[in-house]
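The values are calculated or read from the model by the stated rules, or taken from the named source; none is laboratory data. Every value quoted in this text rests on a predicted model; they were computed, and no experiment measured them. For neighbour counting, all protein chains shown are included, and Cβ atoms are generated from backbone atoms with ideal geometry for every residue, glycine included.
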Amino acid sequence: MNMIQNQNTDHGVCWLKHRLLGALLALGALLALNGSLQGADERQHTLGWDPYFTLTGYGDVAYRNTQFFEDRHNTAVGAWDARLEFWLPPFRTNFAWGPYVRFAGFVASQNPDWENHLSGAPGVGGQVYPFSIAAFDGTLLNRIFRPLRLFAEYNRVDYRGMENQWRPDEQQKIGAEYWREFNVNNISTWWWAEIWSGFWWQSSNDVDPHYDDWVFANVWRAGARIPNAGLLSAFSPYIVVESTLSEKNTDFWENKLLAGGGLRFTPPLSRLPEMMGWLNRFVIYAEYVHDVAYYRQSPMSAVPVHDIRVGINFSIGDWYH
């Protein structure tokens, strides 16, 4: 049994190395291209050849104390989601719409399939930011809804290990999402906030090739800091609220409300090393969230009702903040 487990672990490590190496090589090539096309002052805002071609994405590397099903599921996790975006006339700064290629995945030090897969291996799609049109410039609609993104995409999905070959290897999604942040790395202000909301239809998940469902999900974080107080201003306590609701799936982990709080460190981007100048957001965090309510069925009593997370979160490119 130990030999089998070791073989599975070795296979998993090899799988992760190949996937991470491919992602790093692709990102390195894109960053090199960006360096030849833009000046250093611009790299904190866009990557690529703006307004015709850009790269946007986020990453999160963390330790988590529990996960969906079992207590003491201590694991290191890494998640990434990046889009190689091509903007059609009149191009991004006048009206943002066009096709994209998506690269996304999730890896962990533990073995469950839901923690080790590529959800965009790759994916392709089309997107439009309806309130980015030049006619809306300076209007209230533009200030509020400019980050609204409508999209439709097709993703190839790859789960680690031969035992997971029966799982669906493709997915279709169509929906809308809204991502907005305020003053995250601006330590001269006393408050900051992040808002993400998504509403989409998806054709499948990891267990059923005919899993058609609508999902509505939200994450809100907001905190306060002491402004203009040097290093102290980079630290801030905050509250977090997360919610996920699906149309027909009754599984508790897709239909629940969580709330909690944490502490984060958000230095000014100008203070980061020069080699990190392409970041437009950088956060080191520790947070605790507790299950507040379940919209459908409740889990068994043995299922953990909290999650402890400690990690680093960052983003690149222009996410229409």
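Scanning the range 63-74 for residues that are modelled with pLDDT of 90 or more and surrounded by 18 or more Cβ atoms within 10 Å (Cβ to Cβ) yields a single hit, ARG64.
Among the residues that make up the range 259-273, is at least one of them under 22 Å from the mean Cα position of the chain (by Cα), within 15 Å of ALA217 (Cα to Cα), at pLDDT 95 or above and not polar (S, T, N, Q)? For the range 259-273, residues under 22 Å from the mean Cα position of the chain (by Cα), within 15 Å of ALA217 (Cα to Cα), at pLDDT 95 or above and not polar (S, T, N, Q): present.
Of all residue pairs spaced 6 or more apart or on separate chains, those with beta-carbon atoms under 9 Å, a first member in the range 238-250 that is farther than 28 Å from GLY223 by Cα and a second member that is part of a loop (DSSP other than H, G, I, E, B) and among the basic types (Lys, Arg) are SER246/ARG296; ASN249/ARG296; THR250/ARG296. Going through (1) crowded, with 19+ Cβ neighbours inside 10 Å; (2) at pLDDT below 95 one by one, PRO90 falls short only on (1). So for the range 164-181 (the condition being of a type in the set (Lys, Arg), within 18 Å of the chain's Cα centre (by Cα) and closer than 30 Å to PRO267 by Cα), does at least one residue qualify? Yes - at least one qualifying residue is present in the range 164-181. Looking only at residues of the range 99-121 that are surrounded by fewer than 19 Cβ atoms within 10 Å (Cβ to Cβ) and under 20 Å from GLY175 (Cβ atoms), we find that the one that is nearest to the chain's Cα centre (by Cα) is PHE106. For the range 122-146, the candidate set comprises residues that are farther than 21 Å from GLY198 by Cα and small (Gly, Ala, Ser); within that set, the residue that is surrounded by the fewest Cβ atoms within 10 Å (Cβ to Cβ) is GLY138. Within the range 169-176, does at least one residue satisfy the condition of being closer than 27 Å to GLU115 by Cα, touching a Gly at 6+ places or on another chain (Cβ under 6 Å) and either of a type in the set (A, V, I, L, M) or part of a strand (DSSP E or B) (or both)? Checked the range 169-176: no residue is closer than 27 Å to GLU115 by Cα, touching a Gly at 6+ places or on another chain (Cβ under 6 Å) and either of a type in the set (A, V, I, L, M) or part of a strand (DSSP E or B) (or both).
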